[in-house]
1. Just to check your reading of the model, which residue among P98, P171, P102, P158 is in contact with a His (Cβ under 7 Å, 6 or more places away or on another chain) and part of a loop (DSSP other than H, G, I, E, B)?
2. (1) within 24 Å of E64 (Cβ to Cβ); (2) touching a residue at least 24 places away in the same chain (Cβ under 8 Å); (3) open to solvent by 20 Å² or more (accessible area, probe 1.4 Å); (4) of a type in the set (A, V, I, L, M, F, W, C): which one isn't true of L152, the others all being true?
3. From V41, V71, grab the single residue that is surrounded by 12 or more Cβ atoms within 10 Å (Cβ to Cβ), more than 25 Å from L157 (Cα to Cα), of a type in the set (V, I, T) and at pLDDT 90 or above.
4. Could you tell me which residue of the stretch 182-197 is nearest to the chain's Cα centre (by Cα), considering only residues that are part of a strand (DSSP E or B), surrounded by fewer than 19 Cβ atoms within 10 Å (Cβ to Cβ) and of a type outside the set (D, E)?
5. From the residues in the stretch 1-39 that are of a type in the set (S, T, N, Q) and over 19 Å from the mean Cα position of the chain (by Cα), which one is nearest to Q49 (Cα to Cα)?
6. For the stretch 123-149, enumerate the residues that are open to solvent by 60 Å² or more (accessible area, probe 1.4 Å) and touching a residue at least 12 places away in the same chain (Cβ under 8 Å).
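The values are calculated or read from the model by the stated rules, or taken from the named source; none is laboratory data. If you're wondering where the values come from, they're calculated on a predicted model, not measured in any experiment. As a convention, Cβ positions derive from the backbone with ideal geometry for all residues, glycine included, and neighbour counts pool all protein chains shown. Calculation scope for accessible area: heavy atoms of the full protein, side chains included, ligands and nucleic acids excluded. Shrake-Rupley method; radii C 1.70, N 1.55, O 1.52, S 1.80 Å.
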Amino acid sequence: WLTNTGSDTVHAQVRVFRWSQVEGKDVLEPSRDLVVSPPMVTIAPGDRQMVRVIRQIGPPTGNEASYRVIVDELPIDAGDRPGLKFVLRYSVPVFLAPVGDPVVKTGLQASWENAPDGPRLRVGNAGNGHAQIADVVWHGPKGERTVLFAGLVGYALPGSSMSWHLAQGSPPSGGAVKARINGETSESTLVVDTNGR
């Protein structure tokens with residue numbers, strides 16, 4: 001559902017992209033594996049519009065397939081109204097379970113790496129399902145606790161790896177790095193390869 005909570009009519013375009021990760025970066029490619037209906041919407045103030053996402057292909061084999069539904073608000077003619085004019089973009093993840101609907105699992109391995117912009121945490125996913133990574137915290141051997149990344153950090157798709165810049169400077173040594181995976185309330189320990197520094 002797309003809901004317009006504003007005071008002006010919203011015009012938007014809805015598209016689907018195949019989502020992959022290459023060399024630690026998200027890659028979006030236009031795809032007809034999924035289609036959206038309707039692809040163009042007009043929503044009056046206070047109203048809402050259902051957009052259906054329809055699968056055009058069979059389920060994937062092996063790993064789940066990853067897509068992004070992108071909703072782009074289209075600019076409207078504001079006439080002579082002063083002020084800042086901007087449009088919004090929403091990106092919604094969509095995952096297709098593998099054929100036979102097997103249990104989808106993550107297999108995460110983390111490492112520290114040095115990059116031109118400073119140290120980064122790299123997380124690889126050898127599982128057959130995506131990992132949504134949030135609230136990454138370092139727990140020291142003496143009970144210390146340092147938040148490395150607050151809130152949603154990003155995703156590691158199956159068979160891929162992603163990396164994120166560490167704003168704190170040098171990565172901590174020893175202890176354990178923990179994160180919330182796929183919205184679970186309890187933290188999971190990320191196995192950190194110290195040789196990856």
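1. Numbers: P98 fails: in contact with a His (Cβ under 7 Å, 6 or more places away or on another chain); P171 fails: in contact with a His (Cβ under 7 Å, 6 or more places away or on another chain); P102 fails: in contact with a His (Cβ under 7 Å, 6 or more places away or on another chain).
Among P98, P171, P102, P158, only P158 is in contact with a His (Cβ under 7 Å, 6 or more places away or on another chain) and part of a loop (DSSP other than H, G, I, E, B).
2. If we test L152 against (1) within 24 Å of E64 (Cβ to Cβ); (2) touching a residue at least 24 places away in the same chain (Cβ under 8 Å); (3) open to solvent by 20 Å² or more (accessible area, probe 1.4 Å); (4) of a type in the set (A, V, I, L, M, F, W, C), just (2) comes out false.
3. Working: V71 fails: more than 25 Å from L157 (Cα to Cα).
Exactly one of V41, V71 is surrounded by 12 or more Cβ atoms within 10 Å (Cβ to Cβ), more than 25 Å from L157 (Cα to Cα), of a type in the set (V, I, T) and at pLDDT 90 or above, namely V41.
4. First, pick out the residues of the stretch 182-197 that are part of a strand (DSSP E or B): 188-190, 192-193.
The next check asks that each one be surrounded by fewer than 19 Cβ atoms within 10 Å (Cβ to Cβ); those that pass are 188-189, 193.
When the remaining residues are screened for being of a type outside the set (D, E), the result is 188-189.
On the way: S188: 18, T189: 20 Å.
Among them, the one singled out is S188.
5. Our first condition is that a residue be of a type in the set (S, T, N, Q); within the stretch 1-39, this holds for 3-5, 7, 9, 13, 20-21, 31, 37.
With the extra rule that they be over 19 Å from the mean Cα position of the chain (by Cα), the set shrinks to 3-5, 7, 9, 13, 37.
Values: T3: 7, N4: 9, T5: 12, S7: 16, T9: 12, Q13: 12, S37: 11 Å.
Ranking the candidates gives T3 first.
6. Going through the stretch 123-149, the residues open to solvent by 60 Å² or more (accessible area, probe 1.4 Å) turn out to be 126, 141-145, 147.
If the condition is that a residue be open to solvent by 60 Å² or more (accessible area, probe 1.4 Å) and touching a residue at least 12 places away in the same chain (Cβ under 8 Å), then A126, P141, E144, V147 are the ones that fit.
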